[in-house]
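Have a look at the structure below before the remarks.
The values are calculated or read from the model by the stated rules, or taken from the named source; none is laboratory data. The structure presented is a predicted model; accordingly, all values stated were derived computationally and were not measured. With ideal geometry, Cβ positions are generated from the backbone for all residues, glycine too; neighbour counts draw on all protein chains shown. Heavy atoms of the whole protein, side chains included, go into the accessibility calculation; ligands, DNA and RNA do not. Shrake-Rupley method; radii C 1.70, N 1.55, O 1.52, S 1.80 Å.
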Amino acid sequence: MAAPAASAIDLSRALVLAPPPVADWLVILPVAWCLLSGAVLLMLRKDVRLQPPLAIAALSVLLLLDALLLWRVVEGGPVTMVMGRWLPPFGIAFTVDLAGALFALFSAIVALAGGLYAAESIDASGRRYGFYPFLLLLMAGVSGAFLTGDIFNLYVWFEVLLISSFGLLVLGSEPKQIDGAIKYAFLNLVATTLFLIAVGYLYGLFGTLNMADIAVKAAERRPGLPLMTLAVLFVLAFGMKAAAFPVNFWLPASYHTPRIVVSALFAGLLTKVGIYALIRVMVMLFPVEGDALSFLIAVAAAATMIFGALGAIGQSDTRRLLGYLVISGIGVMLAGVAVGGPGGIGGALFYALHSMVVMTALYMATGIAGRLCGVFDLNRAGGLYGRAAFFSALSLVLFLSVSGMPPFSGFWPKVMVAKAAIDIGAWWLAATVLATGFLTMIAVGRVWALAYWRPEKTASEPAPRASAMLSLSALVALTVAIGLYPDPLLQQIQAAASLLAEPSAYVNSVFPQGAR
Amino acid sequence: MNTVIFRTLAPFLTALMLLFSVFVLLRGHNEPGGGFIGGLIAASALAIYGIARGIRPVREALWFHPMTIAAFGLLLACIAGLVSMLAAVPFMTGLWIYPSLFGVEVPLSTVMLFDFGVYLVVVGAVTSIALALEREDI
């Protein structure tokens, strides 16, 4: 508290003294903006009319910030800002490379679509309960997880998004929701605890939590350190988060209970954060251990894909069916991680981005279909094609995209993963990817045949809401655009994958002088 | 719990504890204390008031909804971080000013603003939980 004393202390050994370029603020702004606007929305919670426009404006700004951040990273490579200007590894660093920026951008797209969809589908009581503040705080957690360069900070953002997701999950306070939320909360807390244990262990080994620092130190001091134990703990923790077989049971138990738009956001955002963290840790920090564990991950991936797709075929409630499709998609991403190399990791990243868009859109389509039919039960729904032809066309695009049919966005990442798997001789994994596409086609084909093509049984219900159709159309347009013209995105994804495998640019961005 | 002695004493106790919580908050910059623990003391003060008088007087005394208080705290903490943008230093860098009030130099900082935000978040969130729990009791 003393006044600044002019002394001979060399501050440059502890602090970043150069003022950060203005563009570097983009690293922290998505998170700060979400917290700020979430707080304002929470204060205006009672003003239910004001909530949707404010929240949609805030989410649009978030999208803009993430787009600018991606542009900045594409132009100038990874960006770092250290909190409180302490030199890394002591200050908490936010470091964004291509993979993080891409994930952040797509998560902002999904959140904006969700906020728009919710404008009419979340009623006044849901808004008063705090749907939009929770959404903004969820986005703070998700963006923080994608942008941070500190592994303990990653844990903190996991907690932030987890707590916000609890709030969203019980929106409505129905007994069924509480039941789903308890399973979700308990199993996710187990996963976070495992993550925390692993982080503690990591800190004990390296004395640092900065990811760039860990990547360098792990490479230098690998012999003799129990890194394999750590890697297994991380795989288990993030596998649980991502809903990989056999620790995926929390997802089908909870994802069908909340409001549709909440399920849509969860399907688009939460499991992908787990995959992102898995890729970040296994590819960038512990590549050797990742390679050693690749067979294990491959087996888990194959099981996740097949059981997810089979589970989807076995369901008659469309919301539950989609929950299994989320799991099956996670399997494809894991297969990419297991295969490794630019093709495999690139495929996993690409599939995750595709899945964010398409799974969110699928849940939204299901919400609209459920509103039109009055039920989510496939045995009773019907006649959608006759009643809403345009909506049915949009749904068909999504069905084809999720099963990996060209020319939609699901096709390219599956090709990448399958090709990478064949290249390393894991033909069985490639075959599983293709078989999963086939099984998924059966599952969604069933929905199409029963709910859309089958003649109408139930009485006609109101037309789809405008805001819901708008956000659905936007997401469908995105999956078509990516499918037809994947080149720009593909280039960035390949660059992102090679940056993850060879993180020298990432490390340089944190330690510009190479001094530690 | 509902004795005359307790009901009479509770407002004084609450006032004293609230005062003490602010003391702990300000003390926390260089010594044990701070926003979190100060907030907890304030929240328990309000809880005591609620146990003695019921939740309606607490809500009336607070004026704002507890969650609004928490949200305002979050806002303050965010702003405390963003101030450093104007000073061209990285996010959350501590910045100080030394205004002179009545001839006394008062050091003010973004760190203190952040801690004050934490205080309000804790007061708001914990009071909100406490009031909800007390309501279920009746």
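Kindly check whether there is at least one residue in the stretch B:56-70 that is in contact with a Gly (Cβ under 8 Å, 6 or more places away or on another chain), open to solvent by 70 Å² or more (accessible area, probe 1.4 Å), in contact (Cβ under 8 Å) with a residue 40 or more places away in the chain and within 11 Å of chain A (Cβ to nearest Cβ). No, because not a single residue in the stretch B:56-70 is in contact with a Gly (Cβ under 8 Å, 6 or more places away or on another chain), open to solvent by 70 Å² or more (accessible area, probe 1.4 Å), in contact (Cβ under 8 Å) with a residue 40 or more places away in the chain and within 11 Å of chain A (Cβ to nearest Cβ). Pairs linking a residue in the stretch A:229-240 that is touching a residue at least 24 places away in the same chain (Cβ under 8 Å) to a residue that is polar (S, T, N, Q) and assigned to a helix (DSSP H, G or I), with Cβ atoms under 8 Å and 6 or more positions apart or on different chains, are A:237/A:192; A:240/A:188. Scanning the stretch B:22-34 for residues that are at pLDDT 90 or above and buried (at least 19 other Cβ atoms within 10 Å of the Cβ), we see that the one that is nearest to the other protein chains (Cβ to nearest Cβ) is B:25.
Can you tell me which residue among A:205, A:189, A:194, A:154 is closer than 30 Å to residue A:505 by Cβ and open to solvent by 10 Å² or more (accessible area, probe 1.4 Å)?
Going through A:205, A:189, A:194, A:154 in turn, the sole match is A:205.
Within the stretch A:457-516, being acidic (Asp, Glu) and either at pLDDT below 90 or in contact with a Cys (Cβ under 9 Å, 6 or more places away or on another chain) (or both) holds for A:461, A:502.
Among the residues of the stretch A:247-280, the one identified as open to solvent by 10 Å² or more (accessible area, probe 1.4 Å) and of a type in the set (D, E, K, R) is A:259. Selection over the stretch A:382-438 of residues that are under 24 Å from the mean Cα position of the chain (by Cα) and not charged (D, E, K, R) gives a count of 33. Tallying residues that are touching a helix residue (DSSP H, G or I) at 6+ places or on another chain (Cβ under 6 Å) and either open to solvent by less than 40 Å² (accessible area, probe 1.4 Å) or not basic (Lys, Arg) (or both) within the stretch A:167-184 yields 8.
Residue under question is residue B:50, and the condition is that it be over 30 Å from residue A:85 (Cα atoms), out of contact with any Lys or Arg (no Cβ under 7 Å at 6 or more places or on another chain), away from chain A (no Cβ under 12 Å) and of a type outside the set (A, V, I, L, M); does it hold? Against the criterion (over 30 Å from residue A:85 (Cα atoms), out of contact with any Lys or Arg (no Cβ under 7 Å at 6 or more places or on another chain), away from chain A (no Cβ under 12 Å) and of a type outside the set (A, V, I, L, M)), residue B:50 qualifies. Which of the numbered conditions does residue A:363 fail, given that it passes all the others? Conditions: (1) touching a residue at least 60 places away in the same chain (Cβ under 8 Å); (2) aromatic (Phe, Trp, Tyr); (3) surrounded by fewer than 24 Cβ atoms within 10 Å (Cβ to Cβ). Just one mismatch for residue A:363, condition (3). Selection of first residues in the stretch A:64-93 that are away from every other protein chain (no Cβ under 14 Å) and farther than 15 Å from residue A:150 by Cβ and of second residues that are acidic (Asp, Glu) and surrounded by 23 or more Cβ atoms within 10 Å (Cβ to Cβ), restricted to Cβ pairs under 7 Å at least 6 apart or on distinct chains, gives the following pairs, ordered by first then second residue: A:73/A:97.
When you look at residue A:11, is it closer than 30 Å to residue B:128 by Cα, within 14 Å of chain B (Cβ to nearest Cβ) and open to solvent by 60 Å² or more (accessible area, probe 1.4 Å), yes or no?
No; evaluated as a whole, the condition is false for this residue.
Within the stretch B:71-114, the residues that satisfy the criterion of being assigned to a strand (DSSP E or B) and either in contact (Cβ under 8 Å) with a residue 24 or more places away in the chain or facing another protein chain (nearest Cβ under 9 Å) (or both) are B:96, B:105, B:109. For the stretch A:66-101, taking the residues that are buried (at least 23 other Cβ atoms within 10 Å of the Cβ), under 19 Å from the mean Cα position of the chain (by Cα) and not β-branched (Val, Ile, Thr), the one that is nearest to residue A:30 (Cα to Cα) is identified as A:66.
Taken over the stretch A:14-36, the criterion of being open to solvent by 30 Å² or more (accessible area, probe 1.4 Å) and outside any helix (DSSP H, G or I) is satisfied by A:14, A:16, A:17, A:18, A:19, A:21. Note on the stretch A:117-172: enclosed helices (runs of 4 or more DSSP H) holding 1 or more residues that are of a type in the set (Asp, Glu) and within 16 Å of residue A:271 (Cα to Cα) are A:151-169. The single condition from (1) within 14 Å of chain A (Cβ to nearest Cβ); (2) free of Cβ contacts under 8 Å to residues at least 12 places away in the same chain; (3) aliphatic (A, V, I, L, M) that residue B:19 fails is (1). So for the stretch A:37-50 (the condition being surrounded by fewer than 20 Cβ atoms within 10 Å (Cβ to Cβ), out of contact with any Leu (no Cβ under 7 Å at 6 or more places or on another chain) and away from chain B (no Cβ under 14 Å)), does at least one residue qualify? Yes, the stretch A:37-50 has at least one match.
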